[in-house]
Amino acid sequence: MFEFIKTLFKKEIDPAEVVKKSREDRFMARELINGIFEDFIELHGDRLYGDDKSVIGGLARLNGQPVTVIAIDKGTDINDKLSKRNGSPQPWGYRKAQRLMEQAAKFHRPIVTFINTPGAFPGKDAEALGQGEAIAQSILKSMKLPVPIISIIYGEGGSGGALALATADQVWMFENATYSILSPEGFASILWKDAKRANEAAGIMGLTAADLLKENVIDLVIPEGHNHGKIFNGMKEKLSSEIQELQTLSDDELIQQRRERFRAF
């Protein structure tokens, strides 16, 4: 029986070990999309600058219901990872996501996002072409969309690069995923001027699914295991039921509830 975790974990979890696991290729973006949805059709480009390969987005069906799916992808082999900067989107990646979100709102399609990123790409060109603005607009637009949004962090959920696609009605995390304001290495470098204390930083950052469930930052945890098919089938049914519940709300109620969720933090 596949069950989601909605209560506190009974066993102690080493945050440093969770950070390590979150960076492993336990689940792949296209594997998640193909395992949960049917008839996925990928759409490309932001209609302004380019097509960021680290952001996969398009249309699909969830138990027959049309939905919009957006996923951050770290890539598979070394060349794929390099082309996607190990899942660090550039501004045009976030603008592609925004375009798909607005399209979803126009056609009343729920949105499901999958997040696995160490953070937005910090390169010179990305900054020059509006990285901060692109992230801010993604968050702002998400707050106004009159359709259900569920975000799932399946690996790393790093900083604003993750929040750009996690401004949702519900946020779920895989058991060995992380969600934080920055990496433990960055945290240790700022606080102690010593990145080697990253494991210590992980222990006080509150970045694991167990930590975030306790603080009501996320809504549920997805248990992991070797049987990916079982996990995906459980997610499929849970997504369907939660989306149906959210669709019982009026547009105004949905947006108000989403805003109240984030104001509580």
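The values are calculated or read from the model by the stated rules, or taken from the named source; none is laboratory data. Remember, it's a predicted structure, so these values are computed and weren't measured experimentally. Counting neighbours? That spans all protein chains shown, and the Cβs are built from the backbone with ideal geometry, glycine included. Please note that ligands, DNA and RNA were not included when accessible areas were found on the heavy atoms of the full protein model with its side chains. Shrake-Rupley method; radii C 1.70, N 1.55, O 1.52, S 1.80 Å.
Multiplying the sequence separation of Asp25 and Lys193 by 0.36 nm and subtracting their Cα-Cα distance, what value in nm do you get?
Working: separation 168, 0.36 × 168 = 60.48 nm, distance 2.95 nm.
Taking 0.36 nm per residue and subtracting the Cα distance, the gain is 57.5 nm.
Per the Cα gyration tensor, segment 167-265 maps to an equivalent ellipsoid with semi-axes of 31, 20, 8 Å, ordered largest to smallest.
Applying 1/(1 + (r/R0)^6) with r as the Cβ-Cβ distance of Gln247 and Ala16 and R0 = 30 angstrom yields a FRET efficiency of 0.15. Highest mobility in the GNM of the chain, judged by mean-square fluctuation with C-alpha springs under 10 Å and restricted to Pro223, Pro91, Pro15, is found for Pro223.
Convex hull volume of the C-alpha atoms in segment 155-204, normalised per residue: 83 Å³.
Given segment 1-131, what whole percent of its Cα pairs are spread farther than 20 Å? Mind dumping the intermediate values first?
Working: 4464 of 8515 pairs.
Here the long-distance tail beyond 20 Å is 52 percent of all Cα pairs in segment 1-131.
Where in segment 96-129 is the amide nitrogen less than 13 Å from a point lying 7 Å along the Cα-to-Cβ axis of Lys81? Correct set: 118. Gain on full extension, evaluated as 0.36 nm per residue between Ile204 and Ala136 minus their Cα-Cα distance, stands at 21.8 nm. Computed over protein heavy atoms with a 1.4 Å probe, the accessible surface of the chain works out to 47 Å² per residue.
Calculated on the alpha-carbon coordinates, the convex hull of segment 69-150 measures out at 87 cubic angstrom per residue. Site-free segments of the chain were taken between GluC sites (Glu not before Pro) in DSSP loops having at most 12 other Cβ atoms within 10 Å, sites themselves excluded; the longest one is 25-214. Here the calculated FRET efficiency for Glu260 and Asn34, from their Cβ-Cβ distance with R0 = 35 Å, stands at 0.50, rounded to the nearest 0.05.
The Cα trace of the chain gives Rg and Dmax of 17.4, 52 Å, the first to one decimal, the second as a whole number.
Which net charge results when you count Lys and Arg as +1 and Asp and Glu as -1 among the other residues whose beta-carbon is under 11 Å from that of Leu145? Within the 11 Å Cβ shell, the charges total +2. By the equivalent-ellipsoid construction on the alpha carbon gyration tensor, segment 93-229 comes out with semi-axes of 26, 21, 12 Å, ordered largest to smallest.
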